[in-house]
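Everything below concerns the one structure shown next.
Read the figures in this text as sums done on the coordinates, not as results from a lab. Because the structure is predicted, anything quoted here is derived from the model rather than measured. FYI the Cβ positions are ideal-geometry reconstructions off the backbone, even for glycines, and counts take in every protein chain you see.
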Amino acid sequence: MSFAARVALLALVLVPVVGTQLTLAGGTPREVIVSGRPPSGEDFDATKIRISFSRIARNLSKPVFITHSGDNNGRLFIVEKTGRIRVIRQGILRGTPFLNLSGKVSTGSEQGLLGLAFHPDYGNNRKFYINYTDVNGDTVIAEYHRSTDPNIADPTGRVLLKIDQPYSNHNGGMLAFGPDGYLYIGMGDGGSSGDPQNRAQNVNSRLGKILRIDVADPAGAQQYTIPPDNPYVGINGYDEIWSIGVRNPWRFSFDRRSGDLWIGDVGQDRYEEIDRSTADSGGGRKLNYGWPSLEGTSCFKPMSGCNKAGKTPPIAVYSHSSGCSVTGGYVYRGLAYRGLVGGYLFGDFCSGRIWALRAHGPASQAPVLMADTNISISSFGEGPDGTIYVTDLASGDIWAIVAEYR
């Protein structure tokens with residue numbers, strides 16, 4: 001199902017949100033109980049904790065991501081699909097955008113300004129990176145700098161990488177720096193339906209991949225360099241490739257404690273999946289998540305008798321009876337809610353449901369339902385203190401996840 005079709009579907013099923021807290025389906029707003037006890041180990045226990053939501057901003061223009069800059073300035077940055085990055089400071093949404101690319105970004109279908117990542121040394125070098133589709137619909141990865149005003153970016157950017165997009169959907173869009181200091185880029189399979197040109201399995205295409213590049217001080221005319229341990233360096237395949245076989249990795253994140261990579265990969269007609277790559281697995285093993293041979297753990301192309309050899313199975317799968325488009329989330333590492341520590345929270349764009357997995361649990365898990373909401377979950381985000389946020393594409397609201405003990 002296309003992004004536009006999902007938005008149209010949501011118009012039929014969304015329930016208006018009122019008040020300052022979200023009313024969960026079948027329930028009433030819950031009291032927020034905050035615990036200051038520091039986490040000890042992996043304490044996540046879905047039987048002892050439940051989550052609710054506190055709205056921190058409203059009426060943004062199709063928000064698709066929220067993050068922080070890592071320089072302890074107390075700001076949150078919200079990416080609007082329509083082309084702007086907005087700033088929240090001390091609970092106030094600033095009227096002037098941090099960066100405004102309106103007019104330079106294609107916004108139809110699943111296109112738009114889709115990703116934002118601040119350099120790990122942003123406090124000193126003021127660099128940040130964005131992922132957007134240009135007016136031709138192609139993916140652009142660009143580097144920008146903050147101006148002397150901490151609330152405003154220098155509007156002059158530098159294009160690092162441009163990737164042709166054959167269709168208007170499955171653009172990926174996520175950017176994140178890993179614990180190794182390299183920039184990871186999520187690329188969908190290029191769109192249409194069923195990956196018609198088998199791009200996700202083709203190492204001579206950057207589509208259907210997780211890419212990994214080094215943005216640190218490239219020499220001469222180079223826009224970036226290639227980490228020497230990328231798995232296709234020196235052999236057939238694009239050097240930027242870190243892993244292959246994803247359909248549309250709509251949001252991935254690194255566990256800030258373990259360094260594990262968690263990927264929400266949107267499925268086709270039947271299944272949604274969460275992939276986990278542990279920090280010790282490395283991309284040098286040429287990780288292959290299976291698409292389009294596999295949708296979840298089931299054969300897709302062909303529908304039976306597919307070759308599963310060498311494919312990394314997902315840690316969790318759910319069917320389209322529970323949703324239609326997974327949104328990858330974060331492992332909670334904050335101090336406020338001890339019972340949530342070590343729980344990976346993720347959701348579904350269509351159903352509004354939020355589930356959890358144990359971050360250090362087995363390689364195959366059944367997701368635990370944590371909330372059934374009326375949010376059109378376009379993204380999760382993580383604050384500097386570990387708070388996990390949710391963006392609502394339909395209403396433009398931003399929610400912070402809070403918790404209480406049963």
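The simple spin-label model puts a point 7 Å past each Cα toward its Cβ; for Ser321 and Ser102 those points are separated by 4.5 nm. Size of the range 149-237 from its Cα atoms: along the principal axes, largest to smallest, the extents are 46, 33, 27 Å.
Phi angles of the range 383-389 translate, via the Karplus equation with coefficients 6.51, -1.76, 1.60 and θ = phi - 60°, into HN-Hα couplings of x, x, 8, x, 4, 9, 10 Hz per residue; Gly and Pro are given as x.
Would you calculate, for the chain, the mean residue ellipticity at 222 nm contributed by helices, counting each DSSP H stretch of 4 or more residues as -39,500 (n - 2.57) and dividing by all residues, to the nearest 500? Display every interim value, and only then the final one.
Numbers: 2 runs with 15 residues, N = 406.
The per-residue figure over the chain is -1000 deg cm²/dmol.
If you plug the beta carbon distance of Thr148 and Ala279 into 1/(1 + (r/R0)^6) with R0 = 35 Å, you get a FRET efficiency near 0.40. Annotation for Lys48 and Asn236: the two label points, set 7 Å from Cα along the Cα-Cβ direction, are 5.3 nm apart.
Here's how it looks for Arg126: its modeled amide H is under 5 Å from none belonging to a residue 5 or more places away or on a different chain. Taking a Cβ cut-off of under 12 Å around Gly296, the surrounding Lys, Arg, Asp and Glu residues balance to a net charge of -2, with basic ones at +1 and acidic ones at -1. As a size descriptor, the averaged projected area of the C-alpha convex hull of the range 3-405 was calculated at 18.8 nm². Between Ser364 and Gln223, the distance separating the two model label sites (each 7 Å from Cα on the Cα→Cβ line) works out to 4.2 nm.
Largest first and in whole Å, what are the equivalent-ellipsoid semi-axes of the range 52-190 based on the Cα gyration tensor, each being the root of 5 times an eigenvalue? Don't jump to the answer; show the numbers that get you there.
Numbers: eigenvalues 105, 64, 41 Å².
Its equivalent ellipsoid spans semi-axes of 23, 18, 14 Å.
Taking every lysine pair in the chain that is 8 or more places apart or spans two chains, those with Cα atoms closer than 21 Å amount to 17. What the Cβ-Cβ distance of Asn124 and Ala309 gives, at R0 = 35 Å and to the nearest 0.05, is a FRET efficiency of 0.15.
For Asn136 and Asn198, the FRET efficiency from 1/(1 + (r/R0)^6), where r spans their Cβ atoms and R0 equals 22 Å, is about 0.40. So for the range 270-350, considering every pair of alpha-carbon atoms, how many percent are separated by more than 20 Å? Tail of P(r) above 20 Å: 46 percent of Cα pairs. For the listed peptides 304-317, 79-92, a ranking on the average number of other beta carbons within 10 Å per residue, highest first, reads 79-92, 304-317. Neighbours of Asp397, meaning other residues whose beta-carbon lies under 9 angstrom from its beta-carbon, give a summed charge of +1 when Lys and Arg score +1 and Asp and Glu score -1.
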